[in-house]
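Asks: One structure is given below, represented as structure tokens, and several questions about it will come after.
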Amino acid sequence: MSAEIKVKRQSSRKRSRDRRISHLTPARKRTSASGRQCPDNTGQIELSRALDQSMDAKFSEYCSDPEDLFGDYDSIESDSSFLAKLDRVGQNMRQHDIEHTTSSRCPSSTDNCPKQSMTESFLEGFTDDAFLDMPSSQLAFLQDPQTADRNCCTDEDKTSMPMRHPEKSVSTEDRNERHIAPKARKSVSDHLKRAMMANAATPSSVSRTALQKEAVVTEEISVAMQAMESVSMATTDLGPFFGLPTKVKELICNLKGIKDLYEWQKTCLNLDSVQQRRNLIYSLPTSGGKTLVAEILILKELLCRKKDALFILPYVSLVQEKVRGLASFGLELDFMVEEYAGSKGRFPPVKGRGKRSLYIATIEKAHGLVNSLIETNRLDNVGLVVVDELHMLGDGSRGAIIEMTLAKVLYISKSTQIIGMSATLGNLQDIQKFLKAESYTNDFRPVELKEYVKLKDSIYEVDPKEEECFRFSRVLNFKYSSAMQKIDQDHIVALVTEVIPSQSCLVFCPTKKNCENVAGMICKYLKEDFIQHKQAEKAVLLGELRSSGNGSLCPVLKKTVPYGLAYHHSGLTSEERKLVEEAYSAGVLCLLTCTSTLAAGINLPARRQVKARKVILRSPYVAADFLKRSQYKQMVGRAGRAGIDTHGESILILQDKDKVLVKKLLSAPMEICISNLMHSDGKGVLSLILSVIGLNITNSLEQIRDFMSGTLLSVQEKQVCLERSLWEVTQECVELLKEKGLVTVSTEPQDGSLQVTKLGRATYKGSVDLTYCDLLYRDLSKGLESLMLNSFLHLIYLVTPYDMVSQCKPDWMVYFRQFTMLSAAEQKMCAAVGVSESFVARKAAGQNVKKNVDQVVVSRLYLALVLQSLLKETDLWSVADRFQLSRGFIQTLLSSSSVFCSCVLHFTEELEEFWPFKALLTELTRRLTYCVQAELIPLMEVAGVMERRAKLLYNAGYKTLAHLANADPNVLAKTVENLFKKQANQIVASAKMLLNEKADALQEEMDDLLMMPLDLLSL
């Protein structure tokens, strides 16, 4: 019989096979084949030799069939010649058994017992080492106890499979002594097929490819972590992608479309301060790519150092955009992305249960989050804090909150790294000293910017080196009629028609009303050709705008959108702004008239994508105030689209009277960033001292003095504290807190430490403004005496923000009309808070009212009536029309009320006397946050899903968070109208992340319930 065994090749793929080939390795192609004749009476021995020789052969090729059932090994199932040869050998062995059945006993010598020789020849090769190279599926098959029981050779009809423990098998001598006749032997091919089929049936939960990919990522992360631990001054290369696995680079390419980094980004990521985790401030012009560097550093912290990270952004819309953008990274790289904006966010955050968390927060929410982490001794878990728009340290009360947050992090956690980024920083040295940070600056712009000014009909290039600061460039070439010249005195139509509709343009206007007027004026003089440009896409946009307003459409947008124009300011609803931004980014709209808020990023989720070939500044004023250098730079920084334009242009329109001021503006340095802790008579210092005492960071004047020395205010003490020293300011603030009943001195003998009162704790934990804490406490106490629960009006009044009162003047006729529509119980409640029907009637009639009435209460109740109408109808357009208020203002009121309601909820949780408010305000916060039909709320919890899209999703069958989290993005994009694939991916990823967050919160609650008390008594 020929010993040559041919293996049919199923794949041309080659693989190296350097490891030792064991007896369990499947048959391979022979490097040499020589036929051998085997005598019939010695077939078993010759077969054993042939198999031994085949097992030891070395081969240069490895064949695999991707459809093979046996784990990428060569298929021999389809080679009938091989199985036929095995059958012939099996027949010879069975014939041999028949010839020996008449014999009563086999000779004891192994030489005279072919059957025993056959068994031993097989068993000699099956040592423990032979199993080292066994495929995982085979090894699992043999090691499975149940499988072993089914296949173990305990009877004579189950002796063809080699055994790892031959001592457990029944010997030939024992069998013969018991005179048990052997049964017919199964063929070798049957046994081989049976073994291979059992092998294939072994369950495999993870594919080999997935395991290999996971191993590569794990190894790269491990290498990066080891490199970070042993980093030195000379070391810059920490791993395959700045210390991160290559999978991160692939995700950035796939999800962001970024294939390579700018040179400045590579340099910044390789700075010694970054490698050695020192604090860093980096500053570049707008659109330079600062955020990507921050995101890479955040991923490094999460994956390599296994620490949480906090990303602070200035506006709610930016937080939501970043949550959507990074949710996919979190799912792929196994970390949580949590949103802290508006009324969203849990204090303290849910413990990650092995997963790290990225907290993306607004300025106010970040402060509350840091406070909660300090209180629970978990701040050290945060390894990195990133602050975008760091120049906002000088921005009033919000700047004071940033300073408080960073000062606490610096004081409490020495291991937490702080990264600050900004496009505009004037006094970088002061901020460096405050943050104990190094700095990196670069003037890189992906597209060259050319700055111009327009005076009359001439264009001048800005050149600070010139004596006049301007250099003549050209004269406008546009024919104006006398009538057109009177309307468009600034030649705006001439300037914009140089680029639109084929390219984009932004026109910054000083006021919101001017935005609408300019957009309408431009349309008046555009040709009909503009209407034909992308007509179908503009029709879709108009339909979406109408749908977002429940059938209502802004008359200005109805006129301008067909020409490819729109206005953008805070008077639009957030959904209208989002639609306008997306249409402009997609090229459906070619021109936006906007206020300066767009340049600053307010309400603009995709601000880094909204660019223009040309930027026009309608005036060097913002409302009545002359432009600041930082504002100007933010506006002109919008010019030039990377990868599309070779350069960007900005044109500032000025009048003769402003020429001198504009020269100073263009040559002036950036404004310096001043601490705002002394803003509003030192309100920031008061809040800071109250919170550090309440959090047990300090409990004496000396400790408070030590803490205050680490603030930006201390760095700038000579500039800010002109009349009193910082130490004197600190002492005065502590005394004032005592007078307000927020801080007290311990009554313990020989202690004298400072402690917060219950009201003080409620104030700082609720993030309530110190100006209103006493007033809020009185209003809640008075409301509790006669709380009206058959309507939301009383609760809504209690959570209407005090700081919104000054922004709205009541329309008395509307006020009276709404007042008369209230129920008797609601009118009684109004009278109880201080607003009677007679008072409103007299004001509506234009009569003088001699009785003293608190105007704050009157205006606050008017705003409460607006909110109540909105909760009842959920139609913002009809409410805006009824109260004669702008849609944008009403939406701002709604958003501010939901945030303040959340603050009041935390405030009442700390005061036992207000226990009834906890359940009541929890539900009201939820209603104010979304202000939609109840069934849409689960969908609107997903970042970026607004009412219109929530309705479309609900109608398409996606009715719960679980529906969205388990949706196929491709199907979702096809099912939901006007939903792009990228948006569908972001929605699904955000839903999955939110679902995981909710599951973790429930799991943590369960763990707390099941945890054994530490103080449990025992015998």
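The values are calculated or read from the model by the stated rules, or taken from the named source; none is laboratory data. These figures come from a predicted structure and were not determined experimentally. Here Cβ is always computed from backbone atoms with ideal geometry, including for glycine, and neighbour counts include all displayed protein chains. In case anyone asks, the SASA skips ligands and DNA or RNA and just uses the protein heavy atoms, side chains included. Shrake-Rupley method; radii C 1.70, N 1.55, O 1.52, S 1.80 Å.
Asks: Quick check on region 834-845. Is at least one of its residues within 48 Å of the chain's Cα centre (by Cα) and in the same structural domain as Leu798 (by the TED database)? Walk me through it before giving the result.
Replies: Looking only at region 834-845, we keep the residues that are within 48 Å of the chain's Cα centre (by Cα), and these are 834-835.
Within this subset, residues satisfying the condition of being in the same structural domain as Leu798 (by the TED database) are 834-835.
Looking through region 834-845, at least one residue is within 48 Å of the chain's Cα centre (by Cα) and in the same structural domain as Leu798 (by the TED database).
Asks: Condition first: open to solvent by 90 Å² or more (accessible area, probe 1.4 Å), in a helix (DSSP H, G or I) and outside the structural domain of Leu331 (by the TED database). Can you find one or more residues in region 986-995 that meet it? Talk me through it step by step, then tell me what you get.
Replies: Restricting attention to region 986-995, the residues satisfying the condition of being open to solvent by 90 Å² or more (accessible area, probe 1.4 Å) are none.
Looking through region 986-995, none of the residues is open to solvent by 90 Å² or more (accessible area, probe 1.4 Å), in a helix (DSSP H, G or I) and outside the structural domain of Leu331 (by the TED database).
Asks: Open to solvent by less than 10 Å² (accessible area, probe 1.4 Å) and of a type outside the set (A, V, I, L, M, F, W, C): does that describe Tyr411? Please lay out each step first, then the result.
Replies: On the way: open to solvent by less than 10 Å² (accessible area, probe 1.4 Å): no; of a type outside the set (A, V, I, L, M, F, W, C): yes.
No; evaluated as a whole, the condition is false for this residue.
Asks: Assess whether Met829 counts as being assigned to a helix (DSSP H, G or I), among the hydrophobic types (A, V, I, L, M, F, W, C), open to solvent by 60 Å² or more (accessible area, probe 1.4 Å) and at pLDDT 90 or above.
Replies: Numbers: assigned to a helix (DSSP H, G or I): yes; among the hydrophobic types (A, V, I, L, M, F, W, C): yes; open to solvent by 60 Å² or more (accessible area, probe 1.4 Å): no; at pLDDT 90 or above: yes.
No.
Asks: A follow-up question, please. Can you tell me which residue is least open to solvent (accessible area, probe 1.4 Å) among those in region 850-881 that are charged (D, E, K, R) and in a loop (DSSP other than H, G, I, E, B)? Even if it seems obvious, please write down each step before you answer.
Replies: Of all residues in region 850-881, those charged (D, E, K, R) come to 850-851, 854, 860, 872-873, 875, 881.
Next, from what is left, pick out any that are in a loop (DSSP other than H, G, I, E, B): 850-851, 854, 875.
Numbers: Lys850: 195, Lys851: 150, Asp854: 87, Asp875: 39 Å².
The qualifying residue least open to solvent (accessible area, probe 1.4 Å) is Asp875.
Asks: I would also like to ask the following. When you look at Arg761, is it modelled with pLDDT of 95 or more, of a type in the set (D, E, K, R) and part of a helix (DSSP H, G or I), yes or no?
Replies: Values: modelled with pLDDT of 95 or more: yes; of a type in the set (D, E, K, R): yes; part of a helix (DSSP H, G or I): yes.
Here the answer is yes, as Arg761 does meet what is asked.
Asks: Within region 446-457, can you find the residues that are open to solvent by less than 50 Å² (accessible area, probe 1.4 Å) and either of a type in the set (Asp, Glu) or in contact with a Ser or Thr (Cβ under 8 Å, 6 or more places away or on another chain) (or both)?
Replies: Pass one, region 446-457, residues open to solvent by less than 50 Å² (accessible area, probe 1.4 Å): 446-447, 449, 451-455.
Scanning region 446-457 gives Pro446, Val447, Leu449, Glu451, Tyr452.
Asks: Inside region 797-818, can you point out the residues that are open to solvent by 50 Å² or more (accessible area, probe 1.4 Å) and either assigned to a helix (DSSP H, G or I) or of a type in the set (Val, Ile, Thr) (or both)? Steps first, answer last, please.
Replies: First pass over region 797-818, keeping only residues open to solvent by 50 Å² or more (accessible area, probe 1.4 Å): 803, 806-807, 809, 811-813, 816-817.
Within region 797-818, Asp803, Ser806, Gln807, Trp812, Met813, Phe816, Arg817 qualify.
Asks: A further question follows. Looking at region 914-947 only, could you name the residues that are farther than 22 Å from Asn996 by Cα, assigned to a helix (DSSP H, G or I) and touching a residue at least 40 places away in the same chain (Cβ under 8 Å)?
Replies: Of everything in region 914-947, those that are farther than 22 Å from Asn996 by Cα, assigned to a helix (DSSP H, G or I) and touching a residue at least 40 places away in the same chain (Cβ under 8 Å) turn out to be Phe914, Phe917, Leu920, Leu921, Leu924, Thr925, Arg927, Leu928, Glu947.
Asks: Tally the residues that are assigned to a strand (DSSP E or B) and modelled with pLDDT of 85 or more, restricting the search to region 588-629.
Replies: Going residue by residue through region 588-629, those that are assigned to a strand (DSSP E or B) are 591-594, 612, 614-617, 621-622, 625-626.
Subsequent filtering for residues that are modelled with pLDDT of 85 or more retains 591-594, 614-617, 621-622, 625-626.
Counting residues in region 588-629 that are assigned to a strand (DSSP E or B) and modelled with pLDDT of 85 or more gives 12.
Asks: If you check every pair at least six apart or on different chains, which have Cβ atoms under 6 Å apart with a residue in region 696-722 that is of a type outside the set (S, T, N, Q) first and a residue that is in a loop (DSSP other than H, G, I, E, B) and surrounded by 15 or more Cβ atoms within 10 Å (Cβ to Cβ) second?
Replies: Ile704/Thr698; Phe707/Thr698; Leu712/Ser675; Leu713/Ser675; Leu713/Leu677; Val720/Ser675; Val720/Met678
Asks: Inside region 555-587, can you point out the residues that are assigned to a helix (DSSP H, G or I), touching a Pro at 6+ places or on another chain (Cβ under 9 Å) and within 16 Å of Met521 (Cβ to Cβ)?
Replies: Passing the criteria: only Tyr563.
Asks: Tally time: how many residues in region 320-354 are in contact (Cβ under 8 Å) with a residue 60 or more places away in the chain and either among the charged types (D, E, K, R) or outside any loop (DSSP other than H, G, I, E, B) (or both)? Show your work before the answer.
Replies: Initially, region 320-354 is screened for residues in contact (Cβ under 8 Å) with a residue 60 or more places away in the chain, giving 320-321, 323-325, 327-333, 336-339, 342-344, 346-347, 350-353.
Then keep just the ones that are either among the charged types (D, E, K, R) or outside any loop (DSSP other than H, G, I, E, B) (or both); that gives 320-321, 323-325, 327-333, 336-339, 344, 346, 351, 353.
Summing the residues that are in contact (Cβ under 8 Å) with a residue 60 or more places away in the chain and either among the charged types (D, E, K, R) or outside any loop (DSSP other than H, G, I, E, B) (or both) in region 320-354 gives 20.
Asks: Can you confirm whether region 805-813 contains a residue that is under 24 Å from Leu776 (Cβ atoms) and of a type in the set (A, V, I, L, M, F, W, C)?
Replies: Within region 805-813, the subset under 24 Å from Leu776 (Cβ atoms) is 805-810.
Subsequent filtering for residues that are of a type in the set (A, V, I, L, M, F, W, C) retains 805, 808.
The answer is yes; a qualifying residue exists.
Asks: Anything in region 960-985 that is within 26 Å of Lys355 (Cβ to Cβ) and either surrounded by fewer than 17 Cβ atoms within 10 Å (Cβ to Cβ) or charged (D, E, K, R) (or both)? List them, or say none.
Replies: Scanning region 960-985 gives Thr960, Ala962, Asn966, Asp968, Lys982.
Asks: If you check Gly957, Gly944, which single one turns out to be closer than 23 Å to Ala989 by Cα and surrounded by fewer than 17 Cβ atoms within 10 Å (Cβ to Cβ)? Full working, then the answer.
Replies: On the way: Gly944 fails: surrounded by fewer than 17 Cβ atoms within 10 Å (Cβ to Cβ).
Checking each option against the conditions leaves just Gly957.
Asks: Go through the residues of region 336-351 one by one and say whether even a single one is touching a Cys at 6+ places or on another chain (Cβ under 9 Å) and open to solvent by 10 Å² or more (accessible area, probe 1.4 Å). Give the derivation first.
Replies: Quick first cut of region 336-351, residues touching a Cys at 6+ places or on another chain (Cβ under 9 Å) only: 343.
When the remaining residues are screened for being open to solvent by 10 Å² or more (accessible area, probe 1.4 Å), the result is 343.
Checked against the condition, which is being touching a Cys at 6+ places or on another chain (Cβ under 9 Å) and open to solvent by 10 Å² or more (accessible area, probe 1.4 Å), region 336-351 yields at least one hit.
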